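> Sharing a structure here in structure tokens format.
What follows is calculated from the coordinates using simple rules that are stated; it is not laboratory data. Quick caveat, the model's predicted, so the values are computed rather than measured. We place every Cβ from the backbone using ideal geometry, glycine too, and count neighbours over all the protein chains shown.
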Amino acid sequence: MKVLITENLRINLDSEMWECRHCDKVLISARDNYKRGLLVYNRDPREVHKPLLDPTKYTRTYSPDPDWCRLIEYYCPDCGTMMETEYLPPGHPPLRDIEFDIDAMKEQWKHREEVLVPPIGNEPPASKRRHTHNH
Ligand SMILES: [Zn+2]
């Protein structure tokens, strides 16, 4: 059973591993931070947020100071899809923004059908166990 988590990530509940949804690459244990299974680009934020003022004339240019702020980009090590970005102080470990109780998730999905394609629109996915009243 694979459970879709984000547009790029899913969890395989049988193997308890994070997987890339684009290339099926097995990344890291689902009990760990998925970012530890990805490639990291520690980027100078000035590359993205260009100075609005001439840096030769001004010390403050409305662009992030790379000594205080880094742009961290995470990529799938197999297909290269950008999975996530975050702004962190230099040297800060990756934030853990997704953490599930895998045992509870297994119990929750035990009787559900696997969702291979996320539903689009307002209607929830069709269920075989739909509760109906015939009166
Ligand atoms: Zn991939």
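> Out of region 8-106, which trypsin sites (Lys or Arg not before Pro) are coil in DSSP terms and have no more than 11 other C-beta atoms within 10 Å?
Those that pass, being in a loop and sparsely packed, are K57, R60, R96.
> In addition: Scan the chain and hand back the longest stretch that contains none of the GluC sites (Glu not before Pro) lying in DSSP loops with at most 14 other Cβ atoms within 10 Å.
That gives 8-98 as the longest site-free run.
> Helix-derived [θ] at 222 nm for the chain: sum -39500 (n - 2.57) over DSSP H runs of at least 4, divide by residue count, nearest 500?
Mean residue ellipticity, 222 nm, calculated: -1500 deg cm²/dmol.
> To continue, here is another question. Which FRET efficiency, nearest 0.05, do A104 and V26 yield, Cβ-Cβ r, R0 30 Å?
Efficiency, from the Cβ-Cβ distance: 0.85.
> Can you tell me which aspartates and glutamates have their Cα less than 18 Å from the Cα of K110? Leave out same-chain residues fewer than eight positions away.
Leaving aside aspartates and glutamates fewer than 8 places away in the same chain, those within reach of K110 are D14, E16, D101.
> Rank N42, N122, N12 by mean-square fluctuation in a GNM of the chain with C-alpha springs under 10 angstrom and give only the top-ranked residue.
Highest fluctuation of the listed residues: N122.
> Still on this structure, please answer the following. In whole Hz, with x marking every Gly and Pro, tabulate ³J(HN,Hα) for region 45-62 from phi via Karplus 6.51 cos²θ - 1.76 cosθ + 1.60, θ = phi - 60°.
Working through the residues one at a time gives x, 5, 5, 9, 9, 4, x, 8, 10, 5, x, 7, 9, 10, 7, 9, 10, 6 Hz.
> Only Cα pairs within less than 10 Å get springs; with that Gaussian network setup on the chain, which residue of P93, P64, P45 has the largest fluctuation?
Sorting by GNM fluctuation, first place goes to P93.
> If you don't mind, there's one more thing I want to ask. Long-range amide H contacts for R70: which residues qualify at under 5 Å (H placed 1.01 Å from N, peptide plane, sequence gap of 5 or more or a different chain)?
Amide H neighbours of R70, under 5 Å, 5+ apart: L88.
> Now for a separate question. Assuming R0 = 30 Å, what is the FRET efficiency of N122 and M82, from their Cβ-Cβ distance, to the nearest 0.05?
The formula returns an efficiency of 0.55 here.
> Which lysines, on any chain, are close to K35 with Cα under 19 Å apart, when same-chain ones fewer than 8 places away are left out?
K35 reaches K2, K25.
> What residues have an amide H closer than 5 Å to that of L9, excluding those fewer than 5 places away on the same chain, when H is modeled at 1.01 Å from N in the peptide plane?
R21
> Considering the chain as a Gaussian network with a 10 Å cut-off on Cα pairs, which listed residue, V26, V115, V40, attains the greatest mean-square fluctuation?
V115
> If I take every Cα pair under 8 Å that is 6 or more residues apart in the chain, average their sequence separation and divide by the length, what percent do I get for the relative contact order?
Relative contact order comes out at 20 percent.
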